[in-house]
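Heads up: the structure comes next, in C-alpha cells.
The values are calculated or read from the model by the stated rules, or taken from the named source; none is laboratory data. Just so you know, these numbers come straight off a predicted model, no measurement behind them. Counting neighbours? That spans all protein chains shown, and the Cβs are built from the backbone with ideal geometry, glycine included.
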Amino acid sequence: MALTPELYDLIVRIVDDRVRDIKVAREEYERLRESIAKLAEAQRRTEERLERLAERVEELAEAQRRTEERLEKLIAALDSLRVEVGRLSDAVGFGLEDIARVVLPGWLHKNLGVEVDELRREFITIGGREVEVDLYGEGRLRGERVVVVGEVKSRISESDVRRFYERVYAPASEDLGVRVVGVLFGYLVHPSARRRARELGLHVVASYGA
C-alpha cells in the first residue's frame, strides 16, 4: 500500500491530536498535583494551629485551676481573719466597756450633774422589742430620776450616732417614762459624730478626754 499525500496528512493530524491530548492531560495532572500539595500544606498548617490551640486551652485550664485553688485559699484565709477580727473586736469592745464603767460616772456628774452609781450591760424592752445596750444605769439629776443608756465602740462615726439614736435613745425616751441620757464612748470620735450628737441631744466621750 502506497503512502499517499492524503494518508500522510491524516496520520500527521492523528499524531498531533494525540500529542495535544497527552499535553493537556499532563498539564491537568500537574495542576491537580499542585492543588493537592497546597491542600496538604493547608491541612498541615490547620493541624498545627489546632495543636497550638489545644495546648493553649490546656494552659488556660491549668491556670484556671491554679486560680481557683488560690481563691479557695484566699477565702479560707479571709474567713480565718474574720473570726480573728471578731474575737479582737469583742476583746476591745469589752475592754472599752470596762473603762467606760469606771470613767463615765465621774464624767456624767462633772459635765451633766447626773449622779449614777453603776453602769452595766443590760437588756431593756423598748418599742415592743428587747434591746441589748452596752451601758445602762439608773441615777438622778437635780432630784429627778434619770436613766443612762450608752454604747461603746472603738471608733465613733456620725452613722454610729445616728443608729444609736434611732435604735435606742429615741424609743427609750418615749417608752421608759423618765428622762433618758444617751452616751457613746470610744477611743476615737470623729468630728461629724460630735456635731450629730449635739443635734440629737446625745453625748459622745473619747477615752482620752474623759
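So that you can scan it fast, the table gives a plain yes or no per residue for (1) crowded, with 17+ Cβ neighbours inside 10 Å; (2) on the phi < 0 side of the Ramachandran plot; (3) touching a strand residue (DSSP E or B) at 6+ places or on another chain (Cβ under 8 Å); (4) not in a helix (DSSP H, G or I):
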| position | (1), (2), (3), (4) |
| --- | --- |
| GLU132 | no, yes, yes, yes |
| GLY137 | yes, yes, yes, yes |
| ARG140 | no, yes, yes, yes |
| VAL149 | yes, yes, yes, yes |
| ASP160 | yes, yes, yes, no |
| ARG163 | no, yes, no, no |
| GLY177 | no, no, no, yes |
| VAL181 | yes, yes, yes, yes |
| GLU199 | no, yes, no, no |
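The number of residues in the stretch 28-55 being modelled with pLDDT of 70 or more, among the acidic types (Asp, Glu) and more than 60 Å from the chain's Cα centre (by Cα) comes to 2. With respect to the conditions (1) over 22 Å from GLY128 (Cβ atoms); (2) over 35 Å from the mean Cα position of the chain (by Cα), VAL183 lacks only one, and its number is (2).
Within the group TYR187, TYR208, which residue is under 20 Å from ARG101 (Cβ atoms), among the aromatic types (Phe, Trp, Tyr), surrounded by fewer than 20 Cβ atoms within 10 Å (Cβ to Cβ) and out of contact with any helix residue (DSSP H, G or I) (no Cβ under 8 Å at 6 or more places or on another chain)? Before the answer, list the steps.
Details: TYR187 fails: out of contact with any helix residue (DSSP H, G or I) (no Cβ under 8 Å at 6 or more places or on another chain).
Result of the check over TYR187, TYR208: TYR208.
The single condition among (1) under 34 Å from the mean Cα position of the chain (by Cα); (2) in contact (Cβ under 8 Å) with a residue 12 or more places away in the chain; (3) crowded, with 16+ Cβ neighbours inside 10 Å that ARG194 does not meet is (2).
If the requirement is being free of Cβ contacts under 8 Å to residues at least 40 places away in the same chain, within 17 Å of ASN111 (Cβ to Cβ) and in contact with a helix residue (DSSP H, G or I) (Cβ under 6 Å, 6 or more places away or on another chain), which of these qualifies: VAL180, VAL146?
On the way: VAL146 fails: in contact with a helix residue (DSSP H, G or I) (Cβ under 6 Å, 6 or more places away or on another chain).
Every option except VAL180 fails the conditions.
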